[in-house]
Amino acid sequence: MLKSIGSLLGIFLFVALLSQYTDFDLFFSDLFFNTNQNQFLLQGENKSLGIMLHDYPKYLFMLLAISIWLALVSSGLFKKNFYQSYFSTRELLFISIASTLIPTAIWWSRELSAMHCPRELVIYGGESLYLRILDSIPLNWENGQCSPSAHASSFIWVLSLLIVKKMKKQTWMFAYLMIFILSSVQIMRGAHFVSHIIYSIIIGQIILTILKMSFYNENNKV
């Protein structure tokens, strides 16, 4: 477990240094920023589309999580698991914990963040300064509460399903790709930088690694 977490922290540090000392984040955000209109692709006349692409997938995954929580309660109280063809009660518990801890941890981390979202920055027509992850926080600074991406946490917990079903590497790679695609609407709305999404995925993966070690071992298998 320590090796896996160490690798994840190494990736986190690499992305942090990349965003600190290069224009990695700005490069991708610039792709979706219209300098003539001074707005991002899914702002202005495309705002409604941006809201749809943001809200509908999030609500769908929230409903999935709620259904799993209800199945766990039903299985525990009434011995009736309406997901029994797919998950045992213990697997439902694993998924339920993951779907609670991951969004909570990412939300809490975001609340402590000093960085503002791209659309709030002066360079993109806003009023706030661009603060990188390792920059000193100026005096009287109002936290932007933008990083990591809370929106991404709506999807990251689904990786717990891959753990209980012991999915292959190809499935994991596809899942990571889909999470990034679903989360990237926030880049096009000017609500997040690429690194914010990556940080969320890493935090979620660390939590999953710890949970997996708690549930999976030689004497206590899910």
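Before moving on, here are some points about what is shown:
- Selection from the stretch 51-71 of residues that are touching a Phe, Trp or Tyr at 6+ places or on another chain (Cβ under 9 Å) and in contact (Cβ under 8 Å) with a residue 24 or more places away in the chain: P57, K58, F61, A65, I68
- Looking across the stretch 164-208, the residues that are under 27 Å from L26 (Cα atoms) and among the hydroxyl-bearing types (S, T, Y) come down to Y176, S183, S184, S195, Y199, S200.
- Residue in the stretch 56-68 that is part of a helix (DSSP H, G or I) and either touching a Lys or Arg at 6+ places or on another chain (Cβ under 8 Å) or among the acidic types (D, E) (or both) present: no
- The condition of being more than 13 Å from the chain's Cα centre (by Cα), crowded, with 17+ Cβ neighbours inside 10 Å and not aromatic (F, W, Y) holds for A114.
- Just one of (1) polar (S, T, N, Q); (2) in a loop (DSSP other than H, G, I, E, B); (3) free of Cβ contacts under 8 Å to residues at least 12 places away in the same chain; (4) surrounded by fewer than 15 Cβ atoms within 10 Å (Cβ to Cβ) fails for S48. It is (2).
- Any hit, the stretch 35-43, residues being free of Cβ contacts under 8 Å to residues at least 40 places away in the same chain and surrounded by 12 or more Cβ atoms within 10 Å (Cβ to Cβ): yes
- Counting only helices (runs of 4 or more DSSP H) that sit wholly inside the stretch 88-186, those with at least 3 residues that are touching a residue at least 40 places away in the same chain (Cβ under 8 Å) and aliphatic (A, V, I, L, M) are 89-111, 150-156, 159-164.
- Condition met for V185 (buried (at least 22 other Cβ atoms within 10 Å of the Cβ) and farther than 16 Å from S19 by Cβ): yes
- Look at the stretch 16-28: where a residue is under 17 Å from P118 (Cβ atoms) and touching a residue at least 12 places away in the same chain (Cβ under 8 Å) and a partner is surrounded by fewer than 13 Cβ atoms within 10 Å (Cβ to Cβ) and not charged (D, E, K, R), sitting 6+ places away or on another chain with Cβ atoms under 6 Å, you get Q20/L134.
- Restricting attention to the stretch 145-165, the residues that are more than 20 Å from I206 (Cβ to Cβ) and surrounded by fewer than 19 Cβ atoms within 10 Å (Cβ to Cβ) add up to 2.
- Checked against the criterion of being surrounded by fewer than 19 Cβ atoms within 10 Å (Cβ to Cβ), hydrophobic (A, V, I, L, M, F, W, C) and over 26 Å from D135 (Cβ atoms), the candidates L18, L72, L77, L8 yield just one match: L77.
- Residue check for L49: closer than 17 Å to A191 by Cβ and out of contact with any strand residue (DSSP E or B) (no Cβ under 7 Å at 6 or more places or on another chain): yes
Bear in mind these aren't lab numbers, they're just calculated from the coordinates by the rules spelled out. Everything numeric in this text was worked out from a predicted model, so none of it was measured. Positions of Cβ are generated from backbone atoms using ideal geometry, with glycine treated the same way; all protein chains shown enter the neighbour counts.
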